[in-house]
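Colleague: Sharing a structure, written as structure tokens. Questions coming.
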Amino acid sequence: MTHSQTYLKQITEIAEKIDAEAMEKLALELVALRERNGRLFFLGVGGSAANCGHAVNDFRKLAGIETYAPTDNVAELTARTNDEGWETVFAAWLRTSRANEKDAVFILSVGGGNLEKNVSPNLVRALEEAKKRGVKIFGIVGRDGGYTKQVGDIVIVVPTVDPSTITPHAESFQANIWHGLVCHPKVMIQENKWESIR
């Protein structure tokens with residue numbers, strides 16, 4: 001098989017293994033979050049940070065949930081990185097936002113954070129802060145789910161089918177899964193533009 005054929009076959013294999021029941025539970029949690037006027041904070045780095053910005057748009061516009069991604073504010077992100085260090089950026093955002101038990105964080109990450117390996121320590125520190133504040137923790141992660149899976153309330157792990165394509169599949173399925181959530185009939189309150197044109 002060519003690389004393209006193999007890659008597409010892997011997508012099918014992963015899709016069949018995704019925990020659909022967890023997606024349904026997460027959809028209901030998002031409805032409950034909206035009903036209690038909670039805020040949703042998307043946290044991620046690298047390609048996952050870009051996915052966070054896209055997800056913020058979708059959940060605000062289509063689901064009517066007050067949603068933010070600290071990585072969308074490059075001035076604050078880089079000021080905190082420069083002045084206090086990379087590990088602090090998301091936890092500090094949650095503190096300044098006075099995140100509380102009505103709110104939730106939603107982690108998008110390939111590995112879910114791991115302090116021992118010094119990978120995404122800012123996600124780990126944010127999750128520690130979230131736990132202290134009684135904030136719900138959701139996530140879409142790859143590999144074994146890392147710290148996010150350990151402490152999260154509902155965390156969907158994108159299965160690894162090939163160790164050489166963990167990152168592209170994890171980041172691609174973040175988008176597939178959050179789009180599946182935002183267009184869930186119980187979550188979506190405004191139709192997508194193209195679907196509204198009959």
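The values are calculated or read from the model by the stated rules, or taken from the named source; none is laboratory data. Computed from a predicted structure; not experimentally measured. When we count neighbours, we look across all protein chains shown, and the Cβ atoms used for this are built from the backbone with ideal geometry, even at glycine.
Colleague: Go through (1) farther than 20 Å from residue 147 by Cβ; (2) in a loop (DSSP other than H, G, I, E, B) one by one and return the number of the condition residue 45 breaks.
Modeller: Of everything listed in (1) farther than 20 Å from residue 147 by Cβ; (2) in a loop (DSSP other than H, G, I, E, B), residue 45 misses just condition (1).
Colleague: Could you run through the stretch 107-150 and say how many residues are closer than 22 Å to residue 19 by Cα and in contact with a Pro (Cβ under 8 Å, 6 or more places away or on another chain)?
Modeller: Here the count works out to 1.
Colleague: Here is a follow-up. Could you give me the residue pairs with C-beta distances under 6 Å whose first residue belongs to the stretch 39-50 and is surrounded by fewer than 23 Cβ atoms within 10 Å (Cβ to Cβ), whose second residue is part of a loop (DSSP other than H, G, I, E, B) wherever it lies, and which are 6+ apart or on separate chains?
Modeller: 39/103; 45/120
Colleague: Another question about this same structure. Regarding the stretch 115-123, can at least one residue be identified that is at negative phi, without any contact (Cβ under 8 Å) to a residue 40 or more places away in the chain and touching a Gly at 6+ places or on another chain (Cβ under 6 Å)?
Modeller: For the stretch 115-123, residues at negative phi, without any contact (Cβ under 8 Å) to a residue 40 or more places away in the chain and touching a Gly at 6+ places or on another chain (Cβ under 6 Å): present.
Colleague: Okay, next question. Residue 32 fails exactly one of the following numbered conditions: (1) more than 13 Å from residue 187 (Cα to Cα); (2) at pLDDT 95 or above; (3) loosely packed, with under 14 Cβ neighbours inside 10 Å. What is the number of that condition?
Modeller: Only one criterion is unmet by residue 32, namely (1).
Colleague: If a residue must be of a type in the set (A, V, I, L, M), within 24 Å of residue 78 (Cα to Cα) and under 13 Å from the mean Cα position of the chain (by Cα), how many such residues does the stretch 127-162 contain?
Modeller: Matching residues across the stretch 127-162 total 1.
Colleague: Being out of contact with any Ser or Thr (no Cβ under 6 Å at 6 or more places or on another chain) and either closer than 14 Å to residue 45 by Cα or polar (S, T, N, Q) (or both) narrows it down to one of 92, 99, 126, so name that one.
Modeller: On the way: 92 fails: either closer than 14 Å to residue 45 by Cα or polar (S, T, N, Q) (or both); 99 fails: either closer than 14 Å to residue 45 by Cα or polar (S, T, N, Q) (or both).
The match here is 126.
Colleague: Can you name the number of the only condition in (1) surrounded by fewer than 20 Cβ atoms within 10 Å (Cβ to Cβ); (2) over 22 Å from residue 27 (Cβ atoms); (3) among the small types (Gly, Ala, Ser); (4) touching a residue at least 24 places away in the same chain (Cβ under 8 Å) that residue 180 fails?
Modeller: It is condition (2) that residue 180 fails.
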